[in-house]
Amino acid sequence: MTRVLLRLSLALYPRSFRREFADEMAKVLTDRWALTRAKRGNWALVGLMARDVPDLLRHAVIEHTNQRATSVRTRHGGKRSARGSGHMFEQLARDIWYAVRSLARARGFTATVVGTLALGIGANTAIFSVVHAVLLTPPPYESPAELAMVWEQFLPRNRTQNVLSPRNFRAWQEQNEVFSGIAAMFERGRNLTGEGDPQVVSVGFVSTNLFEILGVRPLLGRVLRPEEMDPTNSRVVVLEFGFWQRQFGGDPGVLGRTITLQDASYQIVGVMPEGFDFPSEPDMWSPAALSASEWESTGRFLIAVARLRPGTTVLQAQAAMDRLGVRLRERWPTANDGWGINLVPLQEQVAGPIRPALLVLLGAVGVVLLIACANVANLLLGRAAVRGKEIAIRSALGAGRRRLVRQLLTESAVLTAAALGVGLVVAFGAVSVLVTFGPSDIPRLDDIALNGRVLGFTLAVAGFTGMGFGLMPALHLSKPDVQSTLKVGGKTSAGHGSHRLRGLLVVSEISLALVLLVGAGLLIRSFQRMLDVELGFEPAQVLSLEVQLPGSRYPNPTQRVVFFNEVIDRIEGLPQVQAASAINFLPLDGMGAATSFIVDELPVPGPADWPVADVRAVHHDYFATMGIMALQGRVFDGAERADAQLFPIVISKSMADRFWPNANPLGKTITMPWNGLMHGEVIGVVADVRHTGLETAPRSKIYWSHQQFLYNFMSFVVRTNVDPMSVLPAVQEQLWALDPQLPVSDVRTMDERLGSTYHQRRFNMWLLGGFAAVALILACVGIYGVMSYAVAQRTHELGLRIALGATPGEVLRIVVGKGLALTLAAVAVGLVAAFGVTRTMSSLLFQVDALDPLTFVSVAVLLSGVAVAACWMPARKATRVDPMIALRTE
């Protein structure tokens, strides 16, 4: 430490002094070397440098600095200053050593302060590491600010990020004036066979210019080529780094090998670098080689990313694409009426959904740190009562206010340094927990780490912390009342100013804690409301898994129907299984198909006003298996025919209420533009089911029999009377008995699917609730410390009151009344602050208002009760004051 400080001290002097100093040091070292060499020989240089140079430098700096300082006249009567920079650093070193010894003697106080600050510093560092990775770190692509996602938006329903049609994408590609490049993509699951056990892999089918637009080069091999967009030349794949490691052990000789996807051979031509997983963590990429007729399709299933031309802003690009959207609506009114174009910067696309939650959590840990600083400042003020005479003696012996402040701030700095070390350990553990247990939908979760920028933030937080809790007590205590403090029997308190300051700090702590508690209370009520949402089905004891049939082996739709029916019959025959069925898109997974339709008996609206409904294909036992209640009519019975002209359909309650609010929907017919026109007759109405998620109200839903509405993939649902996962081997055995090459994917219980829908909200609730609990504990410790200190300072007064006849109840009211007054003031301030702060949490709440009165009142009552309880123990101690002992000290 001395060497570092001495070297730093040289930088404070002008260049002429440093040259003079260097000359003197060279002369001193030369003379010393000559003397040592004469005594010890040539090998003495190593010993000289190791033992003598530091002492030479230290003494030379001090001597030369003092000589320079004493040669300078001050403005005060020609007196000479005897204090130089070297002397100042020696004082600093002594202050640090004194602070370390002093704090080592007060081990309980030091442990409390260090633990409190380490908690605040560690929590801030951990949350900032998440914020840094998700919000502040740009995507790992070339010039990421020029990248934007391009969506279609359906204006009548304010759906701002909708997938787009191939025909519109081709028009954007040819007619836009603001993009240097635009690429389309979609993801599909594909069966991978011949590489160990059959499995389903995610394949990103992309425009071959995607990698050029993003500015990413392959780790091995090459990327996709433009000529491979031809359907006859598209059987190539580029592997994702993680999949290459898992499946091929990182073998660099994988290039040129072939793999089998959906019974077709694909050649591996490249491997992408680690960390590249656009758009959403596919296992590999292949050309989106659509046929000419598919590129003219109006069905919407693509997503697009574009690179803006240099110098073009997002606003300019949006305006240009709006004009293009108008032209496309005029050109193809049937498909595009009501549709527009929406640009979203890529960074906003990645971090946008999680941004509000992270900012709220970052604010919460900041509040915890402020409370920790206030608590430590209170502890320092309390410790000052014990050190009152020491500070007074220092002042009486000539220590100025600046010298006292420096000594007190040095102690704060030592405490902060210790807290910083412990806080980094806390942060490391917290980051590990966040990465392990955090929601999987947090982007770049694996990139969260304590890197250089995060550590820089930690140092800044530690510096702010040291100044925050140390400066106010230091300034306050550096003006001691020397005469009264040094009198025999004089008080050692810091006076009424200290009482007021400690009271202000406690009010601040309780106010901030109330804000956090209100925020946590709102999240808890939101989570409870979400748990109370009516799902429309019974998720308990249900296993779900997906199976996809390759078209090469199941080209005939009848084959698929027969296969799915036979698998379900086999599964239902298992002894642990109560029922089994299948659906194309499971509830709660957010995936699905939807289309517009018309009610035949109503006037046909314009294309933009056609109603939209979700479309589901189900096996006839689906409703019974999932526990979905039939409200009217009947459900499917398995006798449905694929060649019927009028298909029987089952609709949801919300659809029946919307289109036939005062009539019986049974027997009503609809027409749906799907592969031409499909006509359906309502045979039954079932309860609404949450398919998109718990936060989205159920939409109109049309169920078709899977024998009429054919898909090559289905998700099986199996209701069991045992642990659902325990029957998985038996279910797989029945499936592989029919086709041993079929992989099973997305295996989860319905309870697990339900849990994943509110994992993010539960995570936010636990984090903010934990911070609020810490804040509450710190606030209670603060008010307990203030009241204990107040009782200790008023021992004489309370003893006198008791001697004059005051009852224990009266003394109790005096002490508790003071604590209650502080609490009520803090609650009033905290409620006002909470009214303003909680408005920023609206996006995190579900069916709960940001100004929910029940939450505000409950938190205020809870905090007041806890604070009063914290005052109770000091108050009880006050009632036991012995008047004789209290008066004898005067």
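The values are calculated or read from the model by the stated rules, or taken from the named source; none is laboratory data. All values reported here derive from a predicted model rather than from experimental measurement. Note that each Cβ is placed from the backbone with ideal geometry, even for glycine, and that neighbours are counted across all protein chains shown. Surface areas here come from the heavy atoms of the whole protein model, side chains and all, with no ligands, DNA or RNA. Shrake-Rupley method; radii C 1.70, N 1.55, O 1.52, S 1.80 Å.
Applying the selection to segment 211-232, what residues are over 19 Å from Ser291 (Cα atoms) and assigned to a helix (DSSP H, G or I)?
Selection gives Phe211, Glu212, Ile213, Leu214.
Any residue in segment 147-170 that is on the phi < 0 side of the Ramachandran plot sitting within a Cβ distance under 6 Å of a residue that is exposed (fewer than 15 other Cβ atoms within 10 Å of the Cβ) and β-branched (Val, Ile, Thr)? List the pairs, counting only those 6 or more apart or interchain.
Gln153/Thr160; Ser165/Thr298; Arg167/Thr298
Of the residues Val650, Val682, which is touching a Pro at 6+ places or on another chain (Cβ under 8 Å) and not in a loop (DSSP other than H, G, I, E, B)?
So the residue among Val650, Val682 that is touching a Pro at 6+ places or on another chain (Cβ under 8 Å) and not in a loop (DSSP other than H, G, I, E, B) is Val682.
In this structure, is Ala613 among the small types (Gly, Ala, Ser) and open to solvent by 30 Å² or more (accessible area, probe 1.4 Å)?
In short, no.
Residue check: is Leu343 of a type outside the set (D, E, K, R), outside any helix (DSSP H, G or I), touching a residue at least 60 places away in the same chain (Cβ under 8 Å) and open to solvent by less than 30 Å² (accessible area, probe 1.4 Å)?
yes
So, Val518, is that one among the β-branched types (Val, Ile, Thr), more than 26 Å from Arg753 (Cα to Cα), in a helix (DSSP H, G or I) and within 30 Å of the chain's Cα centre (by Cα) or not?
Here the answer is yes, as Val518 does meet what is asked.
Could you check segment 527-553 and list, in sequence order, the residues that are open to solvent by 10 Å² or more (accessible area, probe 1.4 Å), closer than 25 Å to Thr193 by Cβ and either among the aliphatic types (A, V, I, L, M) or not in a strand (DSSP E or B) (or both)?
Residues satisfying the conditions are Gly551, Ser552, Arg553.
Take the residues of segment 710-762 that are open to solvent by less than 30 Å² (accessible area, probe 1.4 Å) and polar (S, T, N, Q): which is nearest to the chain's Cα centre (by Cα)?
Thr749
For Gly108, indicate whether it is small (Gly, Ala, Ser) and either open to solvent by 10 Å² or more (accessible area, probe 1.4 Å) or within 22 Å of Pro353 (Cβ to Cβ) (or both).
When the stated conditions are applied, Gly108 passes them.
Scan segment 660-668 and tell me whether some residue there is assigned to a helix (DSSP H, G or I), over 36 Å from the mean Cα position of the chain (by Cα) and of a type outside the set (S, T, N, Q).
The answer is no, given that none of the residues of segment 660-668 is assigned to a helix (DSSP H, G or I), over 36 Å from the mean Cα position of the chain (by Cα) and of a type outside the set (S, T, N, Q).
Please enumerate the residues belonging to segment 102-134 that are over 22 Å from Trp766 (Cβ atoms) and either touching a Leu at 6+ places or on another chain (Cβ under 6 Å) or not polar (S, T, N, Q) (or both).
Those that are over 22 Å from Trp766 (Cβ atoms) and either touching a Leu at 6+ places or on another chain (Cβ under 6 Å) or not polar (S, T, N, Q) (or both): Leu103, Ala104, Arg105, Ala106, Arg107, Gly108, Phe109, Thr110, Ala111, Val113, Val114, Leu117.
Condition first: open to solvent by less than 60 Å² (accessible area, probe 1.4 Å) and more than 18 Å from Ile568 (Cα to Cα). Now tell me which residues in segment 617-629 satisfy that.
Within segment 617-629, just Ile628 meets the criteria.
Would you check if Val426 is open to solvent by 40 Å² or more (accessible area, probe 1.4 Å), aliphatic (A, V, I, L, M) and farther than 30 Å from Ser102 by Cβ?
So Val426 fails the test.
Can you tell me which of (1) within 30 Å of Leu362 (Cα to Cα); (2) open to solvent by 40 Å² or more (accessible area, probe 1.4 Å); (3) touching a Ser or Thr at 6+ places or on another chain (Cβ under 8 Å) is the one Gly120 doesn't meet?
Unmet condition: (2).
Taking Phe835 as the residue in question, decide whether it is open to solvent by 80 Å² or more (accessible area, probe 1.4 Å), in contact with a Leu (Cβ under 8 Å, 6 or more places away or on another chain) and modelled with pLDDT of 75 or more.
yes
What single numbered condition from (1) over 24 Å from Ile341 (Cβ atoms); (2) surrounded by fewer than 20 Cβ atoms within 10 Å (Cβ to Cβ); (3) in contact with a strand residue (DSSP E or B) (Cβ under 8 Å, 6 or more places away or on another chain) fails to hold for Thr160?
With respect to (1) over 24 Å from Ile341 (Cβ atoms); (2) surrounded by fewer than 20 Cβ atoms within 10 Å (Cβ to Cβ); (3) in contact with a strand residue (DSSP E or B) (Cβ under 8 Å, 6 or more places away or on another chain), Thr160 is out only on (1).
Please pick out the residue among Gly423, Gly466 that is at pLDDT 85 or above, assigned to a helix (DSSP H, G or I) and not acidic (Asp, Glu).
Going through Gly423, Gly466 in turn, the sole match is Gly423.
Would you mind listing the strands (runs of 3 or more DSSP E) fully within segment 233-328 where at least 3 residues are open to solvent by 40 Å² or more (accessible area, probe 1.4 Å), at pLDDT 95 or above and touching a Phe, Trp or Tyr at 6+ places or on another chain (Cβ under 7 Å)?
none
When you go through Gln153, Gln175 one by one, which is the residue that is open to solvent by 30 Å² or more (accessible area, probe 1.4 Å) and either among the hydroxyl-bearing types (Ser, Thr, Tyr) or under 28 Å from Asn584 (Cα atoms) (or both)?
Gln153
May I ask you to list the residues in segment 680-710 that are at pLDDT below 85 and small (Gly, Ala, Ser)?
Gly693, Ala697 - these are the residues of segment 680-710 that are at pLDDT below 85 and small (Gly, Ala, Ser).
Restricting the search to segment 541-553, which residues are more than 18 Å from Val618 (Cα to Cα) and either in contact with a Gly (Cβ under 9 Å, 6 or more places away or on another chain) or modelled with pLDDT under 90 (or both)?
Across segment 541-553, the qualifying residues are Pro550, Gly551, Ser552, Arg553.
Only one of Asn565, Asn556, Asn584 is open to solvent by 10 Å² or more (accessible area, probe 1.4 Å) and modelled with pLDDT of 90 or more. Can you tell me which?
It is Asn565.
Which one of these is under 30 Å from Ala860 (Cβ atoms) and at pLDDT below 75: Ser478, Ser498?
None of the others qualify; the one that does is Ser498.
So Val216 clears everything in (1) of a type in the set (Val, Ile, Thr); (2) touching a Ser or Thr at 6+ places or on another chain (Cβ under 6 Å); (3) touching a residue at least 60 places away in the same chain (Cβ under 8 Å); (4) surrounded by fewer than 19 Cβ atoms within 10 Å (Cβ to Cβ) except one condition, right? Which one?
Going through the list (1) of a type in the set (Val, Ile, Thr); (2) touching a Ser or Thr at 6+ places or on another chain (Cβ under 6 Å); (3) touching a residue at least 60 places away in the same chain (Cβ under 8 Å); (4) surrounded by fewer than 19 Cβ atoms within 10 Å (Cβ to Cβ), Val216 breaks only (2).
Inspect all residues belonging to segment 816-831 and state whether any of them is open to solvent by less than 60 Å² (accessible area, probe 1.4 Å), touching a residue at least 12 places away in the same chain (Cβ under 8 Å) and over 38 Å from the mean Cα position of the chain (by Cα).
So far as segment 816-831 goes, yes, one or more of its residues are open to solvent by less than 60 Å² (accessible area, probe 1.4 Å), touching a residue at least 12 places away in the same chain (Cβ under 8 Å) and over 38 Å from the mean Cα position of the chain (by Cα).
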